[in-house]
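The block underneath contains the structure these notes are about, expressed in structure tokens.
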Amino acid sequence: MLTAEEQSLIQKVWEKTASHRDEIGGESLYRLFTSYPSTKTYFPHFDLSCGSEQIRSHGKKVVAALSTAVKSLDNLSQALSELSSLHAYNLRVDPELGPGTGNRSSDVEPHSALQLLSQCIQVVLALHLGKEYTPEVHAAFDKFLSAVAAVLSEKYR
Ligand code: ZNH
């Protein structure tokens with residue numbers, strides 16, 4: 001659970017990203033695919049070159065979902081319920097840890113795709129926010145994105 005202070009910190013910082021939020025989505029995805037190439041297997045139908053139209057538009061969708069989440073910090077599970085079903089049943093994004101535990105882990109990567117994307121989003125936020133990405137903000141976003149990842153994987157079997 002996020003504390004009241006963490007919640008207001010996240011809301012405040014998210015507000016500051018308003019003007020470049022869409023780029024943050026695309027940049028995070030490009031970073032994910034480049035740093036952790038096995039995650040590309042989820043997007044065989046995408047043009048994954050830097051700045052591609054598909055990365056940009058998917059980035060916007062991911063960021064829009066995060067905006068929804070920021071508005072419902074008390075109730076993430078409900079706010080992201082549909083998205084959770086989609087990821088668990090249709091997309092089968094693997095929440096398991098460790099190589100060999102899931103259907104996509106042929107490359108040896110010690111974290112799930114969800115954790116890796118969370119990590120990439122944090123790096124991109126830090127690049128955009130600079131000094132404003134304080135240790136407190138970092139800690140709050142880490143918790144927030146872990147909570148989102150937990151919801152997106154809670155229906156996965
Ligand atoms: Zn995801 C889709 C969000 C993670 C994979 N996604 C999606 C969408 C959204 C999202 C909003 C859209 C939906 C519709 O259309 O309806 N995701 C999200 C978020 C997150 C995520 C928020 C976290 C943070 N995903 C993820 C991961 C992965 C994924 C990690 C792997 C890698 N997704 C995906 C896919 C899809 C999606 C594959 C589909 C795409 C297309 O279009 O095809």
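Derivation of every value follows stated rules applied to the coordinates shown; laboratory data play no part. Remember, it's a predicted structure, so these values are computed and weren't measured experimentally. Here Cβ is always computed from backbone atoms with ideal geometry, including for glycine, and neighbour counts include all displayed protein chains.
Quick notes on this one:
- Between A139 and K12, residue separation times 0.36 nm minus the direct Cα-Cα distance comes to 44.3 nm.
- Formal net charge of residues neighbouring Q78 (Cβ-Cβ distance under 14 Å; K, R +1; D, E -1): -1
- Degrees between helix 113-129 axis and first principal axis of the chain (Cα, 0 to 90, nearest 10): 40
- Here the Karplus curve 6.51 cos²θ - 1.76 cosθ + 1.60, taken at θ = phi - 60°, turns the phi angles of the stretch 46-62 into couplings of 9, 7, 9, 6, 3, x, 4, 4, 5, 5, 5, 6, 5, x, 4, 5, 4 Hz, with x standing for Gly and Pro.
- Placing +1 on the Cβ of every Lys and Arg and -1 on the Cβ of every Asp and Glu, with no other charges, gives the chain a dipole of roughly 240 debye about its Cα centre.
- Relative contact order (%) - the chain, alpha-carbon pairs under 8 angstrom, separation at least six: 31
- Here the extension length gained between K71 and S85 equals 3.1 nm, from 0.36 nm per residue of separation less the Cα-Cα distance.
- Reach of K131 by Cα under 17 Å, taken over lysines that are not fewer than 8 positions away in the same chain: K12, K16
- Net charge of Cβ neighbours under 14 Å - reference S146; Lys, Arg +1; Asp, Glu -1: -2
- Segment Q54-S35, extension gain: residue separation times 0.36 nm, minus the distance between their alpha carbons: 5.0 nm
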